[in-house]
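As structure tokens, the structure follows; a few thoughts come after it.
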Amino acid sequence: MKGEAWLFTGTALFFGATTVVYRWLSDEPAGSAALCVSFVMSGLVAAFLWRQYRRGGERPEDREGAEVREADGRRVFFPGRSCYPVLAAAGSALVGLGVVQGLWLSLIGFGVLLPGVLGFAFQNLGHPE
């Protein structure tokens, strides 16, 4: 994960510097906002990858002279079937439609979206890692 973390850290720094320069040289708020969002998103991915690297340690892929057989065995956990992706997608669609149609549909959408997101987050809470 160390290589990927450095890659996204560099991307975040690039977008951060570009945002500052663009904001200084331009009066357009849309470009500044887009660059700022790009900085935040790549920074979040970089932070996640650094956290995973500290948590899991060095992988065989991170070492120069590693053998292929060092990476065998169970590495990650993949959850089973779940209805939460469908619930979250339906809630997101209802929230999006509610923006166009009216507040009442957005409120229903948030009511459907909340259990979907919470289910995603906590469905494998008891799984030992």
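The values are calculated or read from the model by the stated rules, or taken from the named source; none is laboratory data. These numbers come from a predicted model, not from an experiment. A quick note on method: Cβ atoms are made from the backbone with ideal geometry, for glycine too, and the neighbour counts reach across all protein chains shown. Protein only, heavy atoms only, side chains kept; ligands, DNA and RNA dropped before computing areas. Shrake-Rupley method; radii C 1.70, N 1.55, O 1.52, S 1.80 Å.
Could you give the Stokes-Einstein D for the chain in µm² per second, using the C-alpha Kirkwood radius, 4 °C, 1.567 mPa s? Answer from the Stokes-Einstein relation: 70 µm²/s.
Let's see if you can work this out: charge +1 on each Lys and Arg Cβ, -1 on each Asp and Glu Cβ, no other charges. What is the dipole magnitude of the chain about its Cα centre, in debye to the nearest 20?
Details: 11 positive and 11 negative charges, 70 e Å.
Value, rounded to 20: 340 debye.
What FRET efficiency, computed as 1/(1 + (r/R0)^6) with R0 = 41 Å and r the Cβ-Cβ distance, is obtained for Leu103 and Val20, rounded to the nearest 0.05? Calculated transfer efficiency: 0.60. In this structure the amide hydrogen of Arg59, modeled in the peptide plane, comes within under 5 Å of the amide hydrogens of Lys2, none closer than 5 places in sequence on its chain. Label-to-label distance, Arg55 versus Ala93, with points set 7 angstrom from Cα along the beta-carbon direction: 3.1 nm.
Dividing the summed -39500 (n - 2.57) terms of all DSSP H runs of n ≥ 4 by the residue count of the chain sets its mean residue ellipticity at 222 nm at -24500 deg cm²/dmol.
A Förster radius of 25 Å combined with the Cβ-Cβ distance from Cys83 to Val40 puts the calculated FRET efficiency at roughly 0.20. For the stretch 1-66, the solvent-accessible area with a 1.4 angstrom probe is 71 square angstrom per residue. Put a dot 7 Å past the Cα of Ala121, heading toward its Cβ, do the same for Ala33, and the two dots end up 2.6 nm apart.
Can you pull the percent of the chain's accessible area that's carbon plus sulfur, 1.4 Å probe, other chains left in place?
On the way: 6560 of 9650 Å².
Roughly 68 percent of what the probe reaches on the chain is carbon or sulfur.
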